[in-house]
Amino acid sequence: DQQVKQNSPSLSVQEGRISILNCDYTNSMFDYFLWYKKYPAEGPTFLISISSIKDKNEDGRFTVFLNKSAKHLSLHIVPSQPGDSAVYFCAAPLLQGAQKLVFGQGTRLTINP
Amino acid sequence: DTGVSQDPRHKITKRGQNVTFRCDPISEHNRLYWYRQTLGQGPEFLTYFQNEAQLEKSRLLSDRFSAERPKGSFSTLEIQRTEQGDSAMYLCASRRTGGPSTDTQYFGPGTRLTVL
């Protein structure tokens, strides 16, 4: 049961343009979402988060949008830079017990010069 | 910057050997998690400690896996009689217990295990 889904395995964007990464979830109990960025051979690095009481959170070039009715969130990166090339994971903590993170499969973003 | 650290970063072993990985969490974090990531997938939960108590284990954690956090600080993950299917990136994460602002888990660099 894939509770968090990232349906695009890869995305290629021109430098300076907007990158939009999408994530869907099925568990309506999720109330907090996180985006992580991962370079090869490194651990995931926390990027930005959003609580379910908000529909938008912005941090510099990164903005996350949450549409609860559609169970959909997206990460916007503007403007995209070559250093943004990485795998991006969407994740949500389960509310009960360990509050472990449930991750999507990831989207590999490539920024072309 | 005292983030989460893991050792070793890479481990190559032969099938049937035992391996042990270490994780040092962020010092004030009392929750520690182990995850495993295979190619093309997101990290998957293995086990969780609150202080020294191991409170939850995934069904992914077979009998050959054991984890400890003896003094509520660093943790070890041991895999006995390794199999080729154990090849993966093993990730450790830590966080504080608290309200929504502390729901962020911070990850270490991972240990890449290759079983030949």
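Less than 11 Å from a label point 7 Å out along the Cα-to-Cβ axis of A:H72: which backbone N atoms in region A:10-42 qualify, by residue?
A:22-25
Can you give the three extents of the C-alpha atoms in the protein assembly as shown along their principal axes, from longest to shortest, in whole Å?
Computed over the protein assembly as shown, the largest-to-smallest principal extents equal 48, 38, 37 Å.
For a quick check of understanding: with a 1.4 angstrom probe and all protein chains in place, what accessible area in square angstrom does B:S5 have, to the nearest ten?
50 Å²
Measure up A:K37/A:K71; A:K68/A:K100; A:K38/B:K57; A:K5/B:K14 against 23 Å on the Cα-Cα distance and list the ones that go over. Before the final figure, lay out the partial values.
Numbers: A:K37/A:K71 21 Å; A:K68/A:K100 21 Å; A:K38/B:K57 25 Å; A:K5/B:K14 35 Å.
Checking Cα-Cα distances, A:K38/B:K57; A:K5/B:K14 exceed 23 Å.
In percent, how large is the relative contact order of region B:38-116, given Cα pairs closer than 8 Å and 6 or more residues apart? Before the final figure, lay out each step's value.
On the way: 107 pairs, mean separation 17.7, N = 79.
This gives 22 percent for region B:38-116.
For a quick check of your reading of the filter: which GluC sites (Glu not before Pro) in region B:30-116 sit in a DSSP loop and have no more than 13 other Cβ atoms within 10 Å? Provide the component values of the computation, followed by the final result.
Values: sites: B:E44, B:E52, B:E56, B:E68, B:E78, B:E83; in loops: B:E52, B:E83.
Filter output for region B:30-116: B:E83.
By accessible area of protein heavy atoms, probe 1.4 Å, what ranking do B:T111, A:T26 get, highest first? Please report the intermediate quantities before stating the final value.
Working: B:T111 0, A:T26 70 Å².
Solvent-accessible surface, decreasing: A:T26, B:T111.
For a quick check, take a GNM of chain B with Cα springs below 10 Å and name the residue from B:L46, B:L91, B:L61 with the largest mean-square fluctuation.
Result: B:L61 has the largest fluctuation of those listed.
Hey, any idea what % of chain A's accessible area is carbon plus sulfur with a 1.4 Å probe?
Numbers: 2580 of 5320 Å².
C and S atoms contribute 48 percent here.
Quick one: among A:I77, A:I50, A:I18, which has the greatest mean-square fluctuation in a GNM of chain A with alpha-carbon springs under 10 angstrom?
A:I18
Got the relative contact order for region A:35-113 handy, in percent, Cα pairs under 8 Å and 6 or more residues apart?
Details: 128 pairs, mean separation 19.8, N = 79.
With pairs under 8 Å counted, the relative contact order is 25 percent.
Of A:A41, A:A92, A:A70, which has the largest mean-square fluctuation in a 10 Å C-alpha GNM of chain A?
Judging by the Gaussian network model, the answer is A:A41.
Taking all protein chains in place and a 1.4 Å probe, what share, in percent, of the accessible surface of region B:9-114 do carbon and sulfur account for?
On the way: 2270 of 5230 Å².
Accessible surface attributable to carbon and sulfur in region B:9-114 totals 43 percent.
The values are calculated or read from the model by the stated rules, or taken from the named source; none is laboratory data. Everything numeric in this text was worked out from a predicted model, so none of it was measured. Virtual Cβ from ideal backbone geometry, glycine too; neighbours counted across all protein chains shown. The area values use the complete protein model at the heavy-atom level, side chains included, leaving out ligands, DNA and RNA. Shrake-Rupley method; radii C 1.70, N 1.55, O 1.52, S 1.80 Å.
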